[in-house]
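Presented below is the structure to which this report refers.
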Amino acid sequence: MSSTRYDGNEITALIPAEAGWQIVVTSPSSGDRKVCPIVAWAAQCLADADGTPQHGVHPVFVLDGRTWTLGDLDQIIRADGRILAPGEQP
């Protein structure tokens, strides 16, 4: 049996998000908290500290003119996003 190695933040599937979903995150460029639109949901494989792959569904959002996942953002600053359902206020 072969062992599959997962690099950090590997997206294994992607589906568009319904309109209205948002996430509150810190901008790595300004340090300000921003409310960002979630444009998709990604099935993503993130490795634990011991290298064990952990699968989950995570938001893909637009921040500072580009798309991000929390795993991408966490490589730059601590990603502590708060997801807002459609109609929910920050």
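No lab work stands behind these numbers, since they all come straight from the coordinates. Because the structure is predicted, anything quoted here is derived from the model rather than measured. Every residue, glycine as well, gets a Cβ built from its backbone with ideal geometry; the counts of neighbours run over all protein chains shown.
In table form, for the structure just shown:
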quantity: Förster radius 25 Å - calculated FRET efficiency between residue 75 and residue 12, Cβ distance, rounded to 0.05; calculated: 0.85
quantity: Calculated FRET efficiency for the pair residue 89/residue 50, C-beta based, R₀ 41 Å, to 0.05; calculated: 0.60
quantity: Residue-averaged [θ]222 nm for the chain, counting only DSSP H segments that reach four residues, each worth -39500 (n - 2.57); calculated: -1000 deg cm²/dmol
quantity: The stretch 47-62 residues near the modelled residue 24 label - backbone nitrogen below 15 Å, point 7 Å along Cα→Cβ; calculated: none
quantity: Alpha carbon convex hull of the chain, volume per residue in cubic angstrom; calculated: 98 Å³
quantity: Top positive-direction residue, dipole computed over the chain with Cβ charges, set 20, 61, 51; calculated: 20
quantity: Computed over the chain: relative contact order in percent, which uses C-alpha pairs under 8 Å that are six or more apart; calculated: 31 percent
quantity: Cα centre as origin, Lys/Arg/Asp/Glu Cβ charges: the chain dipole, Debye; calculated: 160 debye
